[in-house]
Amino acid sequence: MTNAPVILTLDCDMYSNDPTTPLRALCYILDPDMQSNLGYVQFPQEYHGLNKSDIYACEHKRLFKVHPIGYDGLSGPNYLGTGCFFRRRALYGGPSTLILPEIDGLSPDCVVNQPLTAPSVLELAHHVAGCNYENQTKWGSKIGLRYGSLVEDYYTGYRMKCEGWRSIFCYPETAAFLGDVPFNLLDVLSQNKRWAIGLLKVAFSRYSTITFGVKSMGLFMGLGYSYYAFWAILTIPITTYCLLPQLALLNELSIFPKVSDPWFLLYMFLFLGAYGQDLLEFVVHGGTIQRWWSDQRMWIMRGLSCYAFD
């Protein structure tokens, strides 16, 4: 629908909160040192209207803030579906393998030299906006946003990384964009179930993150994408963790080391170390202990419900 060299994707329930955001993105996109293989600039997803405790853990701090900072040390964060500035060229094949669309007027380097009201321009715009435009074209498979998964943002960013594109995570002090979150538990679990199904479909496709991803991006990025692709499998350890202690108690069995047992020190070290690190990451990135506790509670609820039904 546009021949602009830079494209902003934004969810319909999000709005711009900082007018300088495009300038921040262009600083990276126009940088000659990274222009050759920079595909997009991703901003974190942030929300307004969250209550003090965020009882449904809708902030997803690790997904939208903590982990992208880590990915930035490799080849950059994944596409999060909104708050992202794309270079138009990045939607048409890898940095060294330009894939042209079937219509010359839609190529990434095409310059429109006619007014927007010209009949030929309007005709092409109506054609692209039609429901059948993608049929018998490369759009959705080799160029553009990639189809085939309920999480088209994750899948598109993943395929772009496999083609050789890099990305940048821009995390300014002032939120670039703000949006809404689900308002009840049913919507939260339905949203997470849809995400988990889409991610699992990518994990078991021909473009699996374990095989195709590791081969294309390297071990660390491949494992990073696999962490999300196999999200639903967390239901196995979570369900075990929730049921095994109760079953052991009913059958008068001991599954944890006694305080007098030397192994108890190792158990406490692992237990406190894991939860301590998780809490520290959450608080350092602007969270509160109350919201962290809500996040822990919802993690178990998701593992016992929406993840289990994938």
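The values are calculated or read from the model by the stated rules, or taken from the named source; none is laboratory data. Keep in mind that this is a model prediction, so the values were computed, not measured. As a convention, Cβ positions derive from the backbone with ideal geometry for all residues, glycine included, and neighbour counts pool all protein chains shown. What goes into the accessible areas is simple: the full protein's heavy atoms, side chains included, and nothing from ligands, DNA or RNA. Shrake-Rupley method; radii C 1.70, N 1.55, O 1.52, S 1.80 Å.
Side notes on the structure shown:
- If the condition is being in contact with a helix residue (DSSP H, G or I) (Cβ under 6 Å, 6 or more places away or on another chain) and farther than 22 Å from THR20 by Cβ, then the range 80-89 contributes only GLY81.
- Residue match in the range 140-151 (condition: within 30 Å of GLY218 (Cα to Cα), assigned to a helix (DSSP H, G or I) and among the basic types (Lys, Arg)): no
- Flag for GLY81 being out of contact with any Pro (no Cβ under 7 Å at 6 or more places or on another chain) and either modelled with pLDDT under 90 or in a helix (DSSP H, G or I) (or both): no
- Cβ pairs under 9 Å, 6+ apart, first in the range 274-288 and on the phi < 0 side of the Ramachandran plot, second β-branched (Val, Ile, Thr) and surrounded by 15 or more Cβ atoms within 10 Å (Cβ to Cβ): GLU281/VAL66; PHE282/VAL66; VAL284/VAL66; HIS285/VAL66
- Pairs where the first residue, in the range 120-144, is in contact (Cβ under 8 Å) with a residue 24 or more places away in the chain and the second is of a type in the set (Phe, Trp, Tyr) and surrounded by 15 or more Cβ atoms within 10 Å (Cβ to Cβ), C-beta under 6 Å, 6+ apart: ILE143/TYR92
- Single residue of GLY224, GLY144 found to be open to solvent by less than 20 Å² (accessible area, probe 1.4 Å), closer than 25 Å to ARG88 by Cα and not aliphatic (A, V, I, L, M): GLY144
- Selection within the range 90-133 - within 26 Å of GLN42 (Cβ to Cβ) and among the small types (Gly, Ala, Ser): ALA90, GLY93, GLY94, SER96, SER107
- Residue in the range 234-257 that is touching a helix residue (DSSP H, G or I) at 6+ places or on another chain (Cβ under 6 Å), closer than 17 Å to GLY157 by Cα, touching a residue at least 60 places away in the same chain (Cβ under 8 Å) and not acidic (Asp, Glu) present: no
- Scanning the range 246-265 for residues that are part of a helix (DSSP H, G or I), open to solvent by 80 Å² or more (accessible area, probe 1.4 Å) and hydrophobic (A, V, I, L, M, F, W, C) yields a total of 5.
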